[in-house]
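The structure under discussion appears below in the form of structure tokens.
The values are calculated or read from the model by the stated rules, or taken from the named source; none is laboratory data. Owing to the predicted nature of the structure, the values given are computational and were not obtained by experimental measurement. Positions of Cβ are generated from backbone atoms using ideal geometry, with glycine treated the same way; all protein chains shown enter the neighbour counts. Protein only, heavy atoms only, side chains kept; ligands, DNA and RNA dropped before computing areas. Shrake-Rupley method; radii C 1.70, N 1.55, O 1.52, S 1.80 Å.
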Amino acid sequence: METVINARRSTKQQLADIALDVTWSKIAKRYFGKSASWIYNKLNETDGNGNVGGFTDEEKELFRGALYDLSDRIRRTADDFK
């Protein structure tokens, strides 16, 4: 019998490929209207007081949209670069 383990990857693990290339404080300000410390707490899955936190489901959808928007803006810039 096969045992399947569905280990949830942390937010940081999911973003590892782009983490050093993105200015998270700019994402926080532009898409959420929040501070850099707010998004770093979300990325570290804390609430800022040392308790467990992270993105709500609604914030996850907004964050996903922000990443799609950023990727579209990068692609358009690359296409225009001649």
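The label point for Trp24 and the one for Phe81, both projected 7 Å from the Cα toward the Cβ, are 2.5 nm apart.
Taking all protein chains together, Leu67, Leu43, Leu20, Leu62 sort by accessible area into Leu20, Leu62, Leu67, Leu43, largest first [probe 1.4 Å]. For the chain, modelled as a GNM whose springs connect Cα atoms under 10 angstrom apart, the maximal fluctuation among Ala28, Ala19, Ala36 occurs at Ala19.
Taking a straight Cα-Cα cut-off under 17 Å and skipping sequence neighbours fewer than 8 places away in the same chain, the lysines within cross-link reach of Lys42 are Lys12, Lys26, Lys29, Lys34, Lys60. Set against the labelled values (1) -0.63, -0.76, -0.90, -1.35; (2) -0.63, -0.72, -0.81, -1.10; (3) -0.54, -0.68, -0.82, -1.22, log10 I(q)/I(0) by the Debye sum over Cα atoms at q = 0.15, 0.17, 0.19, 0.25 Å⁻¹ computed from this structure falls on (1). Converting phi to 3J(HN,Hα) with the Karplus coefficients 6.51, -1.76 and 1.60 and the offset θ = phi - 60°, segment 21-35 yields 9, 10, 8, 5, 5, 5, 4, 4, 6, 5, 9, 10, x, 10, 7 Hz in sequence order, with x at every glycine or proline.
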